[in-house]
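The values are calculated or read from the model by the stated rules, or taken from the named source; none is laboratory data. Just so it is clear, the model here is predicted, and its values are computed rather than measured. Because the Cβ atoms are built from the backbone with ideal geometry, glycine has one as well, and the counts that use them run over all protein chains shown. SASA here: full protein model, heavy atoms, side chains in, ligands and nucleic acids out. Shrake-Rupley method; radii C 1.70, N 1.55, O 1.52, S 1.80 Å.
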Protein chains: 2
Amino acid sequence: MNISDVQELADLLKALGEVNRLSLVCRLCECSTPQNAMCLCECCSVDASGVSRHLKMLAQEGVVSVEKRGRERSYSLNRAYVADRLRVLADKIEMKEEI
Amino acid sequence: MNISDVQELADLLKALGEVNRLSLVCRLCECSTPQNAMCLCECCSVDASGVSRHLKMLAQEGVVSVEKRGRERSYSLNRAYVADRLRVLADKIEMKEEI
DNA sequence: TTAATATTTGCATATTTGCGCAAATATAGT
DNA sequence: ACTATATTTGCGCAAATATGCAAATATTAA
């Protein structure tokens, strides 16, 4: 794993490693359909602007996808991508891959 | 997953989500024997005091274990614990567990 | 004891981060 | 056009974080 890979993975983990952002992710976990930001506000203790910023960061890191729907934005979790990155690290940590 | 679980997991991810700390973890990944801090200094761009602080934080989060060995401290990765926490999240994200 | 090595800690500093508020923007409905 | 709703952005602030340096501490070896 080279430096830029490590940096990239660190950025993803940092995005997930804030309690309100992780709450948003957990909330999206449990939703089978995309959710708008107003609805997501309820699950964490920040106002709409804060949620907007957190979701923007999660989108930049590929954690969520956004779809414009009229005046709303619908957010959904990139389940496969995030789960895969976490498992790649878990496997590396357990030496289940080549050095 | 309740709030304190989310907080705890966020703390772990935050500990891993800093590039120098993740470099330390990756370095420890590749070591079959415990390593001292001086040796670990080489893999990241901070001085000994910075490495000391990063390792302390990783130890507090349960990522690494420390063993005193004379004037050195030997660090080793808690592979099973960290990999398990990452997989629990990955499974949740892919809905491979109960809501 | 003295010197050397490994690590931690205090301090100062620079940077980043998370936050709320208010204003701006975008879009929908009337 | 006007109003309401959803979201973003600029701003300022306070707290957290990362860092290096120098001093302190711990332990080993001579």
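In region A:23-99, which GluC sites (Glu not before Pro) fall in coil by DSSP and have 11 or fewer other Cβ atoms within 10 Å?
A:Glu42, A:Glu97, A:Glu98
In nm to one decimal, list the spacings between the A:Ser76 label point and its equivalents in the other copies, with label points set 7 Å along Cα to Cβ, shortest first.
Copy-to-copy label distances at A:Ser76, shortest first: 4.5 nm.
As a test of the formula, what do you get for the protein assembly as shown when each DSSP H run with n ≥ 4 contributes -39,500 (n - 2.57) and the sum is divided by the residue count, at 222 nm and rounded to the nearest 500 deg cm²/dmol?
Value at 222 nm, helices only, nearest 500: -18000 deg cm²/dmol.
Give the calculated FRET efficiency between B:Ile3 and A:Asp5 to the nearest 0.05, with a Förster radius of 41 Å applied to their Cβ-Cβ distance.
0.80
Where the centroid of each part is defined by its Cα atoms, how far is region B:73-98 from region B:1-40 in Å?
Result: 11 Å between the Cα centres.
What figure, in Å² to the nearest 10, do you get for the accessible area of A:Ser76 with a 1.4 Å probe and non-protein molecules left out?
40 Å²
Tell me, rounded to the nearest percent, the portion of alpha carbon pairs in region B:3-93 spaced more than 21 Å apart.
For region B:3-93, the fraction of Cα-Cα distances above 21 Å is 28 percent.
From the C-alpha gyration tensor of the protein assembly as shown, pull out the three semi-axes of the equivalent ellipsoid (sqrt of 5λ each), sorted largest to smallest, in whole Å.
Ellipsoid semi-axes (Å, largest first): 33, 16, 15.
Rounded to the nearest 0.05, what FRET efficiency do B:Asp84 and A:Arg69 have when you use their Cβ-Cβ distance and R0 = 45 Å?
So the FRET efficiency works out to roughly 0.75.
Within region B:1-27, find all residues whose amide N lies under 17 Å from a label point positioned 7 Å from the Cα of A:Ser45 along Cα-to-beta-carbon.
From region B:1-27, the list is B:2-11.
With a 1.4 Å probe and all protein chains kept in place, how do A:Arg79, B:Arg71 rank by accessible area, largest first?
The most accessible residue leads, giving B:Arg71, A:Arg79.
Determine the alpha carbon to alpha carbon distance for each of A:Lys92/B:Lys68; A:Lys92/B:Lys96; A:Lys14/A:Lys92; A:Lys68/B:Lys92; A:Lys56/B:Lys14 and list only those over 23 Å.
Beyond 23 Å: A:Lys92/B:Lys68; A:Lys68/B:Lys92.
What does the copy distance list look like for A:Ser4, label position 7 Å along Cα→Cβ, in nm and ordered from shortest?
4.4
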